[in-house]
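Below is one structure, written out as structure tokens; comments come after it.
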Amino acid sequence: FKKNTHRRRIISTELLSEYAYVLKEGGKLYTITDVKELYDWEVMHLEAHPLFERVPQEEMDSDEVCKVIISGSEEGKKV
């Protein structure tokens, strides 16, 4: 988890506002990482942003996209 790479991350206060602008209401932003510190950092920023809310675990468990991300990505295979 490198602090000097903050500017290249896909999650930042500025980018979250842009994502919220282009996502339709009820749209989802999927992220995955095998780095616990990065995960915690992303969750902190997403929860702090007023236009995003966490999807309940039950909904994630039944979401086909989540299943594919976890089984089909290198990061998902490490988690």
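Values quoted throughout were computed directly from the atomic coordinates according to the rules given, and no laboratory measurement underlies them. On a predicted model such as this, the values are computed, not experimentally measured, just so you know. Note: ideal-geometry Cβ built from the backbone for every residue, glycine included; neighbour counts use all protein chains shown.
A simple spin-label model places the labels of His49 and Ile10 1.2 nm from each other, with each point 7 Å out along Cα-to-Cβ. You can think of it this way: the chain between Glu59 and Glu37 has 5.5 nm of extra reach, that is 0.36 nm per residue less the Cα-Cα gap.
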